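Report on the following structure.
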Amino acid sequence: MVTGSLTLTEGTATSREDWRSAYASRLRLTDLLVIAAVVITTQVVWFGFDRRLAVTSGWLPAGVQESILSIVVIVAWFSILSLYSSRGDRIIGTGSSEYRVVVDASFRLFGLFALVAFLFQIEFSRGYFVIAFPAGTVALVLGRWVWRKWLSVHRARGEYSAQVVLVGSVASVLHTARELKRQPQAGYHVIGACVPDSRRGSLLPGSSIPVVGGVEEVLKAMQRLSADTVIITSSDDLPADRIRELSWSLEPGRQHLVVAPSLTDIGGPRIHTRPVSGLPLIHVEMPRYEGFKRYQKRAFDILSSSALIAVLSPVLLVLALAVRFTSPGAVLFRQKRVGLNGSSFYMLKFRSMVNDAEALLATLELRDRAEGNSILFKMKDDPRITPIGKILRRFSLDELPQLFNVFIGNMSLVGPRPPLQKEVELYETHVHRRFLMKPGITGLWQVSGRSDLSWEDSVRLDLYYVENWSMINDFVILLKTAKAVVSSSGAY
């Protein structure tokens with residue numbers, strides 16, 4: 001049984017919490033400066049433009065009334081961000097929750113001001129609020145984004161993170177450690193593990209994580225390592241009563257208990273927790289790909305692809321001429337790929353290789369294959385690529401004709417990578433779930449490393465996309481695609 005309580009020195013407890021309070025203080029200062037700058041600038045610009053639009057109660061000079069109104073807005077806006085816990089360590093650093101809370105709190109305050117003005121018949125300048133609140137909300141989100149980038153750099157080094165001890169079977173601990181390592185920006189830095197039949201001082205197989213005790217020595221291990229978070233990865237050796245006693249032994253507000261279920265690659269919106277008789281049941285919604293969601297995606301693809309084709313038509317013409325007059329052969333390269341529900345289609349590209357590239361492929365496959373990828377053939381400095389082809393691939397311009405694939409319905413702007421039939425023949429059964437959605441010109445695989453990815457990571461990203469698709473995620477991927485194209489990481 002897990003018994004006893006944990007007593008730490010004041011210095012240890014303080015140092016452990018310093019990063020949380022320090023980071024929250026930075027956010028508070030930035031929020032205050034951003035809100036004050038936006039509100040004061042709006043006051044000067046708007047009321048200076050037209051003095052007749054000032055508050056018209058008449059009991060104070062207009063300039064004083066404007067200043068009082070601005071001070072009230074600044075104080076209320078700053079306070080509501082604190083009230084909504086927008087600087088809490090559980091939402092900062094990763095995911096959309098932090099941004100969503102900032103936006104929600106800001107527009108609730110806007111609604112509150114509108115309601116007060118209506119109930120008490122106060123004549124506020126509508127233009128002042130119409131400018132200040134949207135502009136301030138955007139500026140706050142940008143400020144949080146900048147701080148998040150700073151935090152991600154430090155968390156990649158194990159700083160500004162929860163110091164974690166993992167508890168469970170060796171297999172489950174290793175699995176959880178790998179998943180946490182994929183996203184250091186989430187803020188969980190693993191410093192030790194407690195596993196059954198442990199050999200203290202040894203390392204978990206294939207990792208650098210030290211074994212710091214058995215599952216019954218969690219509290220002692222946390223004290224020894226100054227850890228502030230324990231994550232239970234499996235309950236085979238920790239029955240419910242033992243986990244409950246462990247939670248009672250942790251310091252409220254300073255130490256945290258996290259239970260990691262054996263689920264991975266599940267998007268947040270699909271997870272719902274429902275307590276029943278003190279038992280936290282986790283409901284996972286199954287992905288659905290019919291009805292309005294499918295029509296919504298198709299409508300977006302048609303509108304976007306047609307608009308892009310119209311806008312980029314001069315670029316398409318110039319690239320076609322460049323391919324035609326710099327190397328012999330066809331302008332477009334048509335290749336058979338596998339799409340929705342396993343159906344075949346011809347994917348279009350600007351030709352970036354010599355005319356007999358397919359005939360030379362067998363020789364190259366025997367000689368070289370992309371590192372860490374046993375199914376996809378990608379070769380750096382491929383001798384088949386033409387000079388103009390290197391430029392096209394460098395900026396992904398060779399993929400622009402796929403906009404026509406999107407328009408006619410073979411592909412989507414965002415989706416899993418379109419595979420060759422010979423690749424599909426090597427798939428394991430679970431990989432076929434990627435065919436539940438149309439392949440995309442871009443996707444998680446492109447914004448996460450493209451050809452530099454291992455086969456396992458490519459599959460994981462494609463399946464994550466299919467299982468957790470949403471239009472918001474599509475927009476985010478499209479924005480990240482522009483950055484990936486400019487950086488050209490993995491493009492060869």
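The values are calculated or read from the model by the stated rules, or taken from the named source; none is laboratory data. A quick note: this is a predicted structure, and the numbers were derived from the prediction, not measured. Using ideal geometry, Cβ is built from the backbone for each residue, glycine included, and neighbour counts are taken over all protein chains shown.
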Pairs, first closer than 22 Å to residue 476 by Cα in region 99-110, second in a helix (DSSP H, G or I) and of a type in the set (D, E, K, R), C-beta under 7 Å, six or more apart: 99/144; 102/144
Residues of region 90-131 that turn out to be assigned to a loop (DSSP other than H, G, I, E, B), hydrophobic (A, V, I, L, M, F, W, C) and either surrounded by fewer than 13 Cβ atoms within 10 Å (Cβ to Cβ) or outside the structural domain of residue 24 (by TED's automatic domain parsing) (or both), as a count: 1
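For every residue, the table says whether it meets (1) farther than 20 Å from residue 405 by Cα; (2) at pLDDT 85 or above; (3) in contact with a Gly (Cβ under 6 Å, 6 or more places away or on another chain).
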residue: 312; (1), (2), (3): no, yes, no
residue: 319; (1), (2), (3): no, yes, no
residue: 322; (1), (2), (3): yes, yes, no
residue: 330; (1), (2), (3): no, yes, no
residue: 333; (1), (2), (3): no, yes, no
residue: 347; (1), (2), (3): no, yes, no
residue: 376; (1), (2), (3): yes, no, no
Qualifying residue in region 165-184 (condition: touching a residue at least 60 places away in the same chain (Cβ under 8 Å) and in contact with a Phe, Trp or Tyr (Cβ under 7 Å, 6 or more places away or on another chain)): no
Test result for residue 343, under 24 Å from residue 421 (Cβ atoms) and modelled with pLDDT of 80 or more: yes
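Residue-wise test of (1) at pLDDT 90 or above; (2) of a type in the set (Val, Ile, Thr); (3) closer than 22 Å to residue 312 by Cα.
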position	(1), (2), (3)
408	yes, yes, yes
413	yes, no, yes
434	no, no, no
438	yes, no, no
448	no, no, no
457	no, no, no
462	no, no, no
470	no, no, no
Hey, residue 224 assigned to a helix (DSSP H, G or I), surrounded by fewer than 14 Cβ atoms within 10 Å (Cβ to Cβ), outside the structural domain of residue 18 (by TED's automatic domain parsing) and not polar (S, T, N, Q) or not: yes
